[in-house]
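Inspection log for the structure reproduced underneath, given as structure tokens.
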Amino acid sequence: MACTSCSSGRGGLPAGCNNNGACGVGGCTKLPVFDWLANMELPGGAPAFNVVEVRFKNARKEFYKIGEVTGLAVGDAVAVEASPGHDLGMVSMTGELVRLQMKKLGVAVDSQLKTIFRKARPSDIEKWQQAVDRENPTMMRARAMANELKLNMKISDVEYQGDGTKAIFYYTSDERVDFRELIRHLAEEFKIRVEMRQIGARQESARLGGIGSCGRELCCSTWLRDFRSVNTSAARYQQLSLNPQKLAGQCGKLKCCLNYELDSYLDAIKEFPESNVKLETQRGLAYHQKTDIFKRLMFYTYADDPGNFIAVPVRRVKDIMALNKAGEKPEALLDADDFEEVEKEPDYENVVGQDSLTRFDNSRNRKKKKKKKSGGAPGENRPQNNAPKTAGGQNQGGAQQQRQPQNRPPQQQQQQQQRQQAPQQAKTPRNEGSAPPQNQQGNNINRNRDRNRRNRPNRGGDRPNQGENKPTPEA
């Protein structure tokens with residue numbers, strides 16, 4: 001985890017806060033520690049604790065004696081004793097808090113602890129940076145060697161020592177692996193001392209990191225150090241479905257967060273009766289299906305109606321069990337006092353007076369229906385007398401004809417008369433076996449239209465009329 005104003009650099013060194021890592025959360029590193037004893041003075045001028053905690057790559061932390069080095073603060077890069085050579089790390093905890101941490105982890109104060117040589121020099125940091133750049137290529141090559149030797153193991157991480165003379169290979173395996181030949185090949189190719197260290201699936205996830213199903217960074221890679229065993233009983237107590245895909249974390253094991261709220265659930269279910277007891281009523285036997293711990297409800301179903309879940313309060317379940325022990329059977333699972341009135345939640349109301357959102361769809365459907373009703377079967381001859389009538393019963397076409405001026409060309413007058421005669425001829429009955437007069441009249445109208453277009457006078461001035469009748473040559 002990091003501060004909001006900076007980010008972590010390579011290997012956990014602070015990259016942007018200019019505070020040398022000595023900020024409120026203990027530095028811009030993984031697994032930070034808040035020193036809540038930093039502002040407290042030791043009583044009676046007692047000397048400061050001469051042991052500090054040093055953090056290396058990822059979550060590896062060890063305790064070292066200060067020795068002759070003075071002025072160490074959280075975030076300082078120090079060169080510490082290693083076997084052989086020296087290693088480079090960063091101070092993660094100082095003062096009396098280190099004593100409490102050693103007591104928690106079971107490390108004796110008088111034990112043989114390694115010492116700190118000095119604060120890291122620029123040459124030490126440069127050599128350490130070169131060693132860090134070799135870690136990824138070394139890991140990929142080590143995986144290829146393990147596959148060639150057909151070893152059932154997975155090399156997940158490689159950590160070089162600060163001076164570049166030694167490397168620790170972290171691997172996971174489900175069985176015992178004979179990697180002596182692999183160590184021989186690695187030492188010959190990289191010219192380093194090789195140390196193989198087996199870790200579990202949870203430690204592998206802590207070293208690699210990742211994002212959990214909750215959307216946050218994994219707990220094991222940020223603050224969680226002790227991995228407690230997680231059982232499926234923790235999921236049962238919390239009324240969770242036993243789905244391995246949802247209960248397992250990225251390490252493939254049960255999620256550590258199943259233990260976080262387990263104590264609260266255990267305290268809440270102490271007052272609940274046993275769920276494997278059947279309730280006897282006059283209607284029949286009722287079987288327990290599930291429990292809502294926080295609402296204090298137990299759901300039961302009858303044998304003849306397994307799909308109907310009835311929520312029964314815990315108090316009512318205890319009363320029914322007491323009646324069954326006395327040899328009595330209640331009428332039903334719920335009493336009259338157990339029914340609660342459900343308040344109707346406010347729904348959307350048309351306070352503005354608007355119509356429904358589908359009002360336009362209904363109008364479209366009506367129009368479509370009208371069009372379908374008005375239209376007949378395809379190919380059917382229908383009368384074309386669609387001219388609306390006036391109040392006097394006379395067609396508007398006749399009225400318009402009386403209003404038209406008499407100085408129209410003779411071709412247009414003839415065409416207008418044919419249009420008025422067409423609907424009247426359509427009403428006359430037709431004889432069987434003869435062509436319909438309506439179609440005959442329509443064909444005549446089309447011929448007259450073509451003839452009028454050819455004989456139309458030229459209105460474009462001197463431009464020649466394309467439809468003008470040309471004199472036929474004499475025979």
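Could you say whether any residue in region 219-226 is outside any helix (DSSP H, G or I), of a type in the set (G, A, S) and not assigned by TED's automatic domain parsing to the domain that holds F56? No, region 219-226 contains no residue that is outside any helix (DSSP H, G or I), of a type in the set (G, A, S) and not assigned by TED's automatic domain parsing to the domain that holds F56. Scanning region 50-92 for residues that are of a type in the set (K, R), within 22 Å of Y160 (Cβ to Cβ), in contact (Cβ under 8 Å) with a residue 40 or more places away in the chain and surrounded by fewer than 22 Cβ atoms within 10 Å (Cβ to Cβ) yields K57, R60. Scanning region 47-54 turns up at least one residue that is acidic (D, E) and under 48 Å from the mean Cα position of the chain (by Cα). Residues that are modelled with pLDDT of 90 or more, of a type in the set (G, A, S) and loosely packed, with under 13 Cβ neighbours inside 10 Å within region 93-123 comprise just one, S123. Of the conditions (1) over 16 Å from K119 (Cβ atoms); (2) modelled with pLDDT of 80 or more, I66 clears all except one; give me its number. Condition not satisfied by I66: (1). Filtering region 312-324 down to residues that are closer than 14 Å to E274 by Cα and free of Cβ contacts under 8 Å to residues at least 24 places away in the same chain, which residue is surrounded by the most Cβ atoms within 10 Å (Cβ to Cβ)? Within region 312-324, the match that is surrounded by the most Cβ atoms within 10 Å (Cβ to Cβ) is R316. Taking the criterion of being in contact (Cβ under 8 Å) with a residue 12 or more places away in the chain, basic (K, R) and assigned to a loop (DSSP other than H, G, I, E, B), the residues of region 237-294 that qualify are K253, K255, R283. Identification of strands (runs of 3 or more DSSP E) wholly contained in region 151-218 with 1 or more residues that are in contact (Cβ under 8 Å) with a residue 40 or more places away in the chain, of a type outside the set (V, I, T) and surrounded by 17 or more Cβ atoms within 10 Å (Cβ to Cβ) yields 154-160, 166-172.
The values are calculated or read from the model by the stated rules, or taken from the named source; none is laboratory data. Everything quoted here is computed from the prediction, not taken from an experiment. Don't worry about glycine lacking a Cβ; one is built from the backbone with ideal geometry, like all the others, and counts go over all protein chains shown.
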